[in-house]
Structure formats: structure tokens, C-alpha cells
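My structure is below; once you've seen it, I'll send some questions.
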Amino acid sequence: MPGELKKLKIKAIENGQVTQNPDLMYDALVNPESYTMRHLVVYNPTPPAAGSTGKNQQYAYTAPPDLQFDFLFDSSGVIPQPLGGLAGALSGIPAVGAIAGAIAGATGAVKKYDILADINKFKKVVYVYNGTGHSPRRVQLLWGTLFFEGVLTSLSFNFKLFKPDGTPIRVVATAAFSGTIEDDLKVAMQKSNSPDLTHIRVVKQGDTLPLMTYRIYGSADYYLEVARFNNLTDFRNIRPGDTIKFPPLDKSNQ
């Protein structure tokens with residue numbers, strides 16, 4: 001619904017599919033105030049010609065984008081904690097959300113927030129070694145217009161506030177992710193001399209049109225053009241099994 005608060009969500013990818021396992025999904029306690037997206041173009045300098053100064057920059061490759069977030073974990077009581085059980089489910093319905101909160105408070109249905117358990121769940125999704133894939137999991141980060149798929153490259157925790165016994169009650173995690181592109185698409189995108197092709201993709205569980213557009217073009221900005229090309233009246237309602245065509249970009253408008 002318009003104006004509805006959406007939390008930043010992280011979903012792990014297992015065997016090429018976005019997980020539906022709640023243990024491998026993470027909802028941020030608080031949405032970040034900002035995030036940083038970095039794009040890097042790499043050049044190989046060539047020696048200057050005799051009698052000239054400086055170096056010529058020869059294009060090498062365009063690196064996948066990097067994304068950096070700060071995640072807040074806080075059990076001080078300043079931030080309202082998530083509801084558990086039925087109250088948590090009902091809280092997503094505006095008409096009964098306030099009633100659900102009142103019922104949870106009266107019945108003790110509010111699950112006490114465990115900051116260390118929340119940190120461990122976050123680490124399980126983005127950091128912990130996955131024995132099946134022999135590496136940390138690839139993840140999707142979804143929030144508003146952000147659709148990012150990649151792997152964790154660095155993670156640090158800043159412990160900022162403590163109980164008298166030393167138990168942390170406020171922690172800020174800084175996580176950096178490197179974007180990934182499917183190998184066949186990466187090769188196609190890097191063949192700068194080959195003609196643009198129309199790509200056809202089948203929607204998988206967890207796919208969104210902006211995310212699929214990002215995988216094809218390296219940017220989600222063209223998802224409305226893709227929707228028009230496929231005569232989609234509502235791009236949010238694509239379903240697993242649907243076939244989407246991604247046309248060649250019109251570079252004259254870039």
C-alpha cells in the first residue's frame with residue numbers, strides 16, 4: 001500500500017533460487033538512513049609515446065557495483081521491537097495493527113528482542129559458510145527501489161552501548177556487498193563489438209522485474225521500458241513461469 005513502511009529485507013539464494021526459508025531471510029530492525037553504491041571502471045595504463053607526457057588509459061573492464069549499508073541492532077528499548085506470533089502477522093494489516101499491538105502487550109505475546117540472537121541470524125544469512133555452495137551465500141537485498149544481488153565482502157561490528165555486566169545493547173554493523181552477474185550475461189555484456197540481442201528469461205521464485213532488468217542491463221532503471229515492451233499493465237504481478245522478453249537498448253536515448 002502507498003505509504004506503508006517497508007523494512008529492508010535480505011534473502012539468501014540457495015541452488016540458484018531465492019529462499020523461502022524464514023531462517024535464511026533477515027528483516028532489518030531499522031531501515032538505514034543511507035547507503036552507498038559504488039561503480040568502478042578499471043583501466044590499464046599504457047606507456048606514453050616517445051616525447052609525450054602522461055599515460056594512455058586503456059579500458060580493461062567494468063566491475064560489478066559495490067553496496068554498503070549500516071545495520072542497527074538495539075535492545076535499549078528506544079526502538080519499538082518487532083511483534084511475535086499472531087500479533088506480528090496482524091500488525092501488517094493497518095485496520096487491526098493497533099489492536100494487535102494492544103493484545104500482544106496485554107497477553108505477553110510480544111517476544112523479547114534478543115540482540116545477540118538477531119546478530120547471529122544476520123550473520124547466518126550473509127556471512128556464515130554454506131557447506132552446500134562451499135562459500136558464504138549469495139543474497140538479495142530488497143528495499144524500495146533497491147534490488148541488489150551479490151555476496152558479502154566485508155563485515156564489521158561496532159559495539160556502542162552496554163549493560164553493567166558488559167552485555168551489548170546497541171551494535172552497528174557495517175556490511176559491504178559486491179554485485180554478481182550471471183556468467184553468460186556477463187560475457188554477453190562485455191562483448192562490446194557484438195550486436196545487441198533480445199534476451200528471453202523465465203521468471204523464477206523471488207524474481208522481480210527491476211531485479212531481472214538489472215541482471216540483463218546492469219541497471220534496474222529500464223524496468224518500465226521492459227514492462228511496456230511485454231504489455232505488462234502491472235509489473236509487480238509477474239509470476240514464476242512467466243516469460244519476459246528484454247529488448248536491445250535504444251542507445252540513442254542514453
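Tell me which residues, restricted to segment 210-254, are assigned to a helix (DSSP H, G or I), modelled with pLDDT of 85 or more and farther than 14 Å from GLU149 by Cβ.
TYR223, LEU224, GLU225, VAL226, ALA227, ARG228, PHE229
Among THR145, THR167, THR132, THR180, which is the only one that is at pLDDT below 95, hydroxyl-bearing (Ser, Thr, Tyr) and surrounded by 15 or more Cβ atoms within 10 Å (Cβ to Cβ)?
Of the residues listed, the single one that is at pLDDT below 95, hydroxyl-bearing (Ser, Thr, Tyr) and surrounded by 15 or more Cβ atoms within 10 Å (Cβ to Cβ) is THR180.
Is at least one residue of segment 42-54 open to solvent by less than 60 Å² (accessible area, probe 1.4 Å), at pLDDT 90 or above and touching a Pro at 6+ places or on another chain (Cβ under 7 Å)?
no
When you go through (1) farther than 21 Å from ARG138 by Cα; (2) at pLDDT 65 or above; (3) aliphatic (A, V, I, L, M) one by one for LEU83, which number turns out not to apply?
Unmet for LEU83, out of (1) farther than 21 Å from ARG138 by Cα; (2) at pLDDT 65 or above; (3) aliphatic (A, V, I, L, M): (2).
The values are calculated or read from the model by the stated rules, or taken from the named source; none is laboratory data. Model, not experiment: these values are computed from the prediction. Heads up, the Cβs are rebuilt from the backbone with ideal geometry, glycines too, and the neighbour counts pull from every protein chain shown. Note: areas computed on protein heavy atoms with side chains; ligands, DNA, RNA excluded. Shrake-Rupley method; radii C 1.70, N 1.55, O 1.52, S 1.80 Å.
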